[in-house]
Every structure is written in C-alpha cells, then in structure tokens.
Amino acid sequence: MCGRYYIDEETAREIRNTVRELDERLWRDKLGYDVYPAKQAPVLLKKGNRLTAAWQRWGYPGFSGNKVIFNARSESVLEKRMFHEGIRCRRVIVPAAWFYEWNRSKEKITFQRMDLQVMFMAGFYSSFEDGDRFVILTTRANASVRGVHDRMPLILERDQLEEWVLNDRAVMRILEQRPVLLKKLAEYEQQTLF
C-alpha cells in the first residue's frame, strides 16, 4: 500500500449507514443471540471493489424436507458442483463472538479467540428463490478443538478479510491454512475418574 488513502463524505455516509443498519438488525430484540442454521445473520461480502454488510440466511436448501446444508469442507469444496460457483465468485466473512460444539456427552462447549473479541469465519453464498444463503467453511480441528470435535470453522485473521473476499488468487492458500488456537469454555464438563 502507498501509505495514504482518502475517505470522502459519500464514503463516510455509506459507512455510517451500513453500521447503523447492521446495529439495528442485530440488537433490535436483545443484546445478542445464537445463530442457528436457517436463521438470518450478518455477513460481509463484496460490493464493487469493497466490503459491505448484508443479511443472509445460513444454510443452502437441503435435498430432503426442511433440512439445510450449513457447512462445507475446505478440503473438497472446490470439487463439489453445489458449491463451485459460490466459492469461486461469492465469498463472505461470517463474524461471530464465538461458536459452539457439543462433545460426545452432549455438553455444549464454547470456543472463542484468545486475542480478539470477534472471530471471522470464512464462507460463501449462492442465490436461491428465497434469497441469498451462505455456508461456513470447515477444516480439520486444531489442538484446541480436537478433543471435542474433529472439524472446526475456517477462521480468518483480520488482515485476511479483504483478501478472502476480493482476491481470487488467495483462495487456495487460505483454504489450506490451519486456524488459530482458541479458548475453550464449558458451563460444566463431565470428569472421568480413574
């Protein structure tokens, strides 16, 4: 980067409007909420040559009944016809404070970053009859998640956000990266005594 950039009045107005819209929708009913498959959630996506916020439904329509496909494996996503166009042309960033995973004893475990308040998960979207829908990319679990589950979200670093959405050449490298270690929190956890 050249060490200088410019923000004009129109840019500032657009930032304010985007943030205001996101804030109003996120916090309309309560201070926070769990997002689950088929629910609307905020994502960051490409608009022209920049990032913008939008609301999309989490999960592609499933093949049977009211089920949804809400994750895609980073290792094979480029090979799947259902995901082909989305991963190549319509990548998104899914912001979250944390995510949950359940262990074999059905105990809910919370995972969050140790260094930042916000976690950015890699995803992509496609358009359907009822609007745009996104999926979250998963990868093999790292040491912080592995004891609970074998998969975890593909987590982006702050300096990768624009690169993930705007730079097609960076996709393969990011799909292959290992996510940062996370903090594990549990309300209670079954202890095994020997």
For this session: Return the total of residues in segment 62-78 being open to solvent by 50 Å² or more (accessible area, probe 1.4 Å) and over 23 Å from Gln177 (Cα atoms).
Result: 5
Exercise. Are any of the residues in segment 124-140 small (Gly, Ala, Ser), in contact with a helix residue (DSSP H, G or I) (Cβ under 9 Å, 6 or more places away or on another chain) and open to solvent by less than 60 Å² (accessible area, probe 1.4 Å)?
Worked result: yes
Exercise. Does segment 79-94 hold any residues that are open to solvent by less than 50 Å² (accessible area, probe 1.4 Å) and either modelled with pLDDT under 90 or part of a helix (DSSP H, G or I) (or both), and which are they?
Worked result: Phe83, Gly86, Ile87
Exercise. So His149 fits all but one of (1) open to solvent by 20 Å² or more (accessible area, probe 1.4 Å); (2) assigned to a strand (DSSP E or B); what number is the exception?
Worked result: (2)
Exercise. Consider Thr110 against the criteria (1) open to solvent by 20 Å² or more (accessible area, probe 1.4 Å); (2) of a type in the set (S, T, N, Q); (3) not in a strand (DSSP E or B): it satisfies all of them except one. Which criterion is unmet?
Worked result: (3)
Seminar exercise, completed: Every listed condition ((1) touching a strand residue (DSSP E or B) at 6+ places or on another chain (Cβ under 6 Å); (2) closer than 16 Å to Arg90 by Cβ) holds for Lys47 save (1)
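The values are calculated or read from the model by the stated rules, or taken from the named source; none is laboratory data. As the structure is a computational prediction, the values presented were derived from the model and not from experiment. Cβ sites come from the backbone with ideal geometry, for glycine too, and all protein chains shown count toward neighbours. Heads up: the accessible areas ignore ligands, DNA and RNA and are worked out on the full protein's heavy atoms, side chains in. Shrake-Rupley method; radii C 1.70, N 1.55, O 1.52, S 1.80 Å.
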